[in-house]
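J.: Structure below; questions to follow.
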Amino acid sequence: MPELPEVETTRRGVEPHVAGHTITDVIVRDARLRWPVAADLPERLRGRRVGGVDRRAKYLLFRTQPDTLILHLGMSGSLRVVEAGTPPEAHAHVDVLLESGQVLRYVDPRRFGSLHLAPGDGEAHPLLARLGPEPLGDAFTGAWLHARARGRRQAVKAFIMDAATVVGVGNIYAAEALFRAGIHPARAAGRVGRARYDRLAEAIRAVLGDAIEAGGTTLRDFVGSGGSPGYFRQSLAVYGRAGASCPVCGTMLRLMRVGQRSTCYCPACQR
């Protein structure tokens, strides 16, 4: 599933091709996404100018005054920029045609993504209204994590993967951040001290920042129907490395389940 770094990479990749351009048409080949695409979406978007593309959590926000088009990539979705007239490949469900002659194409084999047109900036939409702070924003701090965790028995890994706590910290990034901060993934969130949450907040910022920077090297692949969607392979310290040696102390990394998700950790470095 595309995580926050992949979605941010997508945003950076497509924005230069759509910002400032007018939508001339929208072609919906298959409206059966996670939620059906509204029948009037093409009519409402025709003639709209895309002011810019923002991101909130894993959602892409296309600013089309006076509304915002909210797009979620789901588990297998991707966006491509192709020339008008390019034959649609398999699972190319939606095309947004631009006056520039380019097309923003949404491809989603499993159809778990979604498109919604919401009034204004979209922040009041049910998908966005209850989200926690952005991990790279000023509102996300160790103090915020410590205050929200007070009295909680929930495992700290599950706690930071909750979008109401902080958005965009998926399984991979939670495991890597907890390793960098030296915190055991199964420790109760309420038993992590303020200083350790300060370290964890910084680790989350660093892990996601590194991943976004790595993804930025493949932005050219968003242009052309045959290109990869611009995701990246990341050098991971613990995720997917059970049985290997810890890169810090050499102890064998172990695998456990936390909140129905597998997680790898170092029993010596993480307490």
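FYI, it's all coordinate maths here, none of it is from the lab. Owing to the predicted nature of the structure, the values given are computational and were not obtained by experimental measurement. Virtual Cβ from ideal backbone geometry, glycine too; neighbours counted across all protein chains shown.
J.: What list of ³J(HN,Hα) values in whole Hz, one per residue of region 11-16 in order, does the Karplus curve 6.51 cos²θ - 1.76 cosθ + 1.60 (θ = phi - 60°) give from phi, with Gly and Pro shown as x?
T.: 4, 5, x, 8, 4, x
J.: Starting from the Cα-Cα distance between ARG271 and ARG152, subtract it from 0.36 nm times their residue separation and give me the gain in nm to one decimal.
T.: Extra length from ARG271 to ARG152 when fully extended: 41.1 nm.
J.: How much net charge surrounds LEU71 when only the other residues with a Cβ under 14 Å from the Cβ of LEU71 are counted, with Lys and Arg +1 and Asp and Glu -1?
T.: Working: positive: ARG11, ARG34, ARG55, ARG56, LYS58, ARG63, ARG80, ARG105, ARG111; negative: GLU6, GLU8, GLU15, ASP54, ASP67, ASP95, ASP108.
Spelling it out: positives minus negatives among the neighbours equals +2.
J.: Once you list every other residue whose beta carbon is under 11 Å from the beta carbon of THR263, what net charge do they have if Lys and Arg are +1 and Asp and Glu are -1?
T.: +3
J.: Here's something else I'd like to know. Counting only helical runs of four or more DSSP H residues, what would the 222 nm mean residue ellipticity of the chain come to if each run contributes -39,500 (n - 2.57) and the total is spread over all its residues? Kindly include the intermediate steps, with their values, before the conclusion.
T.: Numbers: 6 runs with 67 residues, N = 271.
Helix-only estimate at 222 nm: -7500 deg cm²/dmol.
J.: In the set (i) 20.1, 60; (ii) 18.0, 56; (iii) 19.0, 62, which value of Rg and Dmax of the Cα atoms in Å was calculated from the structure you see?
T.: Read-out from the structure maps to (i).
J.: Does region 4-119 classify as rounded, prolate or oblate by the C-alpha gyration tensor (a ≥ b ≥ c root eigenvalues; a/c under 1.5 gives rounded; else a/b over b/c gives prolate, otherwise oblate)?
T.: The shape class here is rounded.
J.: Next question. Any chance you could check the Cα centroid distance between region 172-216 and region 54-116 for me, in angstrom?
T.: When both Cα centres are located, 31 Å separates them.
J.: Once the Cα atoms of helix 194-215 and of the chain are each reduced to a long axis, what angle between those two axes, in degrees from 0 to 90 to the nearest 10, is obtained?
T.: Computed tilt is about 40 degrees.
J.: Once you have the Cα-Cα distance between PHE112 and ARG29, take 0.36 nm times their residue separation minus that, and quote the gain in nm to one decimal.
T.: Once the chain is fully extended between PHE112 and ARG29, it gains 28.4 nm.
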